[in-house]
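J.: Below: one structure in structure tokens.
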Amino acid sequence: MKIEAETNSREKILMEATRMAQAHGYNGLNIRDLASAVGIKAASVYHHFASKADLGAAVAKRYWEDSEATLQALLEELGDPLACLRRYPDTFRKALDRDNRICLCSFMAAETDDLPDPIKLEVRKFAEVNIAWLKQVLIAADSVPSDQSDIRAQAIFAAVAGAQLIARSRCDITVYDQLIAGYVSAGLIPS
């Protein structure tokens, strides 16, 4: 029973820390506010995570692992690489749909100069996972020559993350949808 309670507390901490970091970034992640939101004492957060940096790294790692699983599930569900490319922007749109949040790792990437090294590694892994998946799907869809798949994958990733940032700054998800439609009509995202 005690192990289950500790697991539940850890999960609640990770979930709330993710929500907070999506809204305010790593630098806006306050342990006291986090503990209050979860309904525990600040010292209890440190029972699960030795430092704020450890918490931040765990949050970023969980985020890219969840994203990797989502992308893999999308590929398995649809089976069609072109359909996967069309649905890829939806994975970023979901954050905007939840209280105008943005991708946690995109937010943290903007804070790179102030991040501890373990968090930087996890944030980079998020980009690597997305770019590798996009490259794989682009090649499978025969959308671009394989020697151009890496740069196209990077361009799609950057464009989608950028569209999310612009839409958030305007508190308008329709801006995101318009930008994605523009990327498709311009041929950046194959249709």
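J.: For the range 8-81, what is the per residue volume of the convex hull drawn over the alpha-carbon atoms, in cubic angstrom? Walk me through the numbers on the way to the answer.
T.: Working: hull volume 7.2 nm³, N = 74.
So the per-residue hull volume is 98 Å³.
J.: Going by alpha carbons, how many degrees (0 to 90, nearest 10) lie between the helix axis of 52-78 and the longest principal axis of the chain?
T.: Approximately 40 degrees, to the nearest 10.
J.: Which lysines, on any chain, are close to residue 61 with Cα under 16 Å apart, when same-chain ones fewer than 8 places away are left out?
T.: Filter leaves 12, 52, 120, 125.
J.: Evaluate the range 126-191: find the radius of gyration of its Cα atoms, find its Kirkwood radius, and give the ratio Rg to Rh.
T.: Values: Rg = 12.4 Å, Rh = 12.3 Å.
When Rh is taken as the Kirkwood radius, the ratio is 1.01.
J.: Let me know the volume per residue of the alpha-carbon convex hull for the range 51-191, in Å³.
T.: 106
J.: If we count every other residue with Cβ under 12 angstrom of residue 38's Cβ, Lys/Arg +1 and Asp/Glu -1, where does the sum land?
T.: After counting each charged neighbour, the total is +2.
J.: Over every pair of different alpha-carbon atoms in the range 29-121, take the mean of 1/r and invert it; report that Kirkwood radius in Å.
T.: Kirkwood hydrodynamic radius for the range 29-121: 15.3 Å.
J.: Roughly what angle does helix 117-140 make with the longest principal axis of the chain, taking Cα atoms, 0 to 90 degrees, to the nearest 10?
T.: Around 30 degrees separate the two axes.
J.: Any chance you could give the angle, 0 to 90 degrees and rounded to 10, that helix 173-186 forms with the longest Cα principal axis of the chain?
T.: So the inclination is approximately 30 degrees.
J.: Ok, one more. Out of every Cα-Cα pair in the range 111-152, what percent are more than 15 Å apart?
T.: 50
J.: How high is the relative contact order of the chain? Use alpha-carbon pairs under 8 Å, at least six apart in sequence, and give a whole percent.
T.: For the chain, the relative contact order is 23 percent.
Computed from the coordinates by the stated procedures, all read-outs in this text should not be read as laboratory data. Here the structure is a predicted model, which is why all the values come from computation and not from measurement. All Cβ positions, even for glycine, are placed from backbone atoms using ideal geometry, and neighbour counts span all protein chains on display.
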